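Accompanying notes for the structure given below.
Readers should treat all values here as calculations from the given coordinates under stated rules, not as data from a laboratory. Because the structure is predicted, anything quoted here is derived from the model rather than measured. Cβ atoms come from the backbone with ideal geometry, glycine included; neighbour counts cover every protein chain shown.
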Amino acid sequence: MDAREYLNQGYKLDQRINSKLEALSNLNDLSTKCTATYSDMPRNPNRGSSRMEDTIVKIIDLEHSINDDIDRLVDLKRDIIKLIGAVKEPELQMLLELRYVCYKTWEQVAVEMYYSIQHIHRLHDKAIAEIDKLLAMREKEME
């Protein structure tokens, strides 16, 4: 996995969490819109659970999935921050943190660092080369 792929994992996982949170919100909205059905016919005694129970179980499962993803995101961000901290130049660290930890756009990074976008891209290329070296060293240590 190259540096860009590695650093972008956090953003992708964050997007997935946001998507699941939106789905959870929709499920919660649906669960509050329940309607009662009245009938003089007796209920089926073999039916074990109600629709409401099924919905609640699905909501709880989705909440567990979101919590697992959040735990993975926290661990991943911690590792990314540690890796970025190993870059020697503070300017490159700041650029990488703004982009891959705070998920800022290139324009926002340029404004915050008081550089042109072209210069930000040059610095980014240099920073990515550093991260590639660090990842290669990490892989050698794991062998």
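Using Cβ contacts closer than 10 Å as the measure, can you line up Thr32, Thr55 from fewest to most? Can you show the working numbers first?
Working: Thr32 7, Thr55 16.
Ranked by crowding around the Cβ, least crowded first: Thr32, Thr55.
Sorting Arg99, Arg72 on the 10 Å Cβ count, fewest up front, what's the list? Please list the in-between numbers first.
Values: Arg99 21, Arg72 15.
Fewest to most other Cβ atoms nearby, the residues stand as Arg72, Arg99.
Mean residue ellipticity at 222 nm from the helices of the chain, using -39,500 (n - 2.57) per DSSP H segment of n ≥ 4 over the full residue count, to the nearest 500 deg cm²/dmol?
Values: 5 runs with 109 residues, N = 143.
One gets -26500 deg cm²/dmol as the mean residue ellipticity at 222 nm.
Under 15 Å from the Cβ of Leu27, count the other residues' Cβ atoms, weight Lys and Arg +1, Asp and Glu -1, and hand me the total.
Working: positive: Lys20, Lys33, Arg51, Lys58; negative: Glu22, Asp29, Glu53, Asp54, Asp61, Glu63.
Computed value for this residue: -2.
Among the listed pairs Lys33/Lys104; Lys12/Lys133; Lys12/Lys88, which have their C-alpha atoms separated by more than 32 angstrom in this model? Could the numbers behind the result be given before it?
Values: Lys33/Lys104 38 Å; Lys12/Lys133 23 Å; Lys12/Lys88 27 Å.
Pairs exceeding the cut-off: Lys33/Lys104.
Considering the values (i) 1.02; (ii) 0.98; (iii) 1.25, which represents Rg/Rh (Cα atoms, Kirkwood Rh) as calculated for the structure under consideration?
It is the one labelled (iii).
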